[in-house]
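This report concerns only the one structure given below.
The values are calculated or read from the model by the stated rules, or taken from the named source; none is laboratory data. Everything quoted here is computed from the prediction, not taken from an experiment. Because the Cβ atoms are built from the backbone with ideal geometry, glycine has one as well, and the counts that use them run over all protein chains shown. These accessible areas exclude ligands, DNA and RNA; they are computed on the full protein's heavy atoms, side chains included. Shrake-Rupley method; radii C 1.70, N 1.55, O 1.52, S 1.80 Å.
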Amino acid sequence: IAISPEGRRIFPHMSVTENLLMGGWLTSKAAQRSNIDNVFDLFPRLAERRAQMGGTLSGGEQQMLAIGRALMSEPRLLLLDEPSLGLAPQIAKTIFRVLVEINRNLGTSILLAEQDAFHALRISSRGYVMVTGTIHLSGTSQALLSDPAVRAAYLEGGG
């Protein structure tokens, strides 16, 4: 299990590569090299900035780095807390596209807590709507996306 917490929480005074290595410190050197290559394949922008200090990256690049660092430990379950928070819409779309790739191509299950309900439901298989810490609704993502009450309460502007 690995987590990419809300607010990114990267190591700002370490390079992109050093941040990634921190996520894979329990894996072998060969696995670290392979996993870094996989992260750079998922996020080519990070490959371009491999020597750059984490704190000098844009918010979207920092989010990519936080997710990449979590992937370095080869988790079977990836926990993501608000990965699109504060990101430009185009960067958020990139993050959601990569999450689908991670799930499909790496076989990694993802538990996603996300304020952008529309995009989260579009890429997920199941959804849970929480209101003040209690599950208010649940079902398949398609069923929730199709429910007029859910659309009106949680997905306005999401179509």
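For TYR128, TYR154, what's the largest-to-smallest order of accessible area, 1.4 Å probe?
TYR128, TYR154
Taken about its Cα centre, the chain carries a charge dipole of about 300 debye when Lys and Arg each add +1 at the Cβ and Asp and Glu each add -1 at the Cβ. Taking the DSSP beta bridges with both ends in the chain, the antiparallel portion is around 45 percent. The average projected area of the stretch 71-159, computed from the convex hull of its Cα atoms over all directions, is 6.3 nm².
Helix-only arithmetic for the chain: the sum of -39500 (n - 2.57) across DSSP H runs with n ≥ 4, divided by the residue total, places the mean residue ellipticity at 222 nm at -14500 deg cm²/dmol. Tell me, what is the FRET efficiency for ASP41 and SER15 to the nearest 0.05, using R0 = 25 angstrom and their Cβ-Cβ distance as r? Given R0 = 25 Å and the Cβ-Cβ separation, E is 0.85.
Remark: the chain is approximated by an ellipsoid whose semi-axes, taken from the C-alpha gyration tensor as √(5λ), come to 30, 16, 13 Å, largest first.
Relative to the longest principal Cα axis of the chain, at what angle does helix 59-71 sit, 0 to 90 degrees, rounded to 10? Helix 59-71 sits at roughly 80 degrees to that axis.
In the context of the full protein assembly, SER109 retains an accessible surface of approximately 60 Å², using a probe radius of 1.4 Å and ignoring ligands and nucleic acids.
Could you work out the Kirkwood radius for the stretch 118-157, taking every pair of different alpha carbons, averaging 1/r and inverting it, reported in Å? Each step should come with its number before you reach the end.
Values: mean 1/r = 0.0987 Å⁻¹.
Taking the inverse mean of 1/r over all distinct Cα pairs, the stretch 118-157 comes out at 10.1 Å.
Measuring from centroid to centroid over Cα atoms, what is the spacing of the stretch 1-63 and the stretch 110-159 in Å? About 29 Å separates the Cα centre of the stretch 1-63 from the one of the stretch 110-159.
For the chain, what is the relative contact order in percent, using Cα pairs closer than 8 Å and at least 6 residues apart in sequence? Don't jump to the answer; show the numbers that get you there.
Details: 219 pairs, mean separation 36.2, N = 159.
Relative contact order here is 23 percent.
Working note: Debye formula, equal point scatterers on the alpha-carbon atoms of the stretch 1-47, no solvent; log10 I(q)/I(0) at q = 0.15, 0.29, 0.31 Å⁻¹ is -0.40, -1.27, -1.29. Put MET22, MET130 in order of accessible area, highest first, and with a 1.4 Å probe you get MET130, MET22. Once the Cα-Cα distance is subtracted from the 0.36 nm per residue extended length, the SER109 to THR134 segment shows a gain of 6.7 nm. Loop-located trypsin sites (Lys or Arg not before Pro) in the stretch 42-92 (DSSP state other than H, G, I, E, B) with a sparse environment of at most 16 neighbouring Cβ atoms within 10 Å: ARG50, ARG76.
Calculate what fraction, in whole %, of the accessible area of the chain sits on carbon and sulfur atoms when a 1.4 Å probe is rolled over the protein chains. Carbon and sulfur atoms account for 54 percent of the accessible area of the chain. One quarter of the convex hull surface built on the alpha carbon atoms of the stretch 12-81 amounts to 4.4 nm², the projected area averaged over directions.
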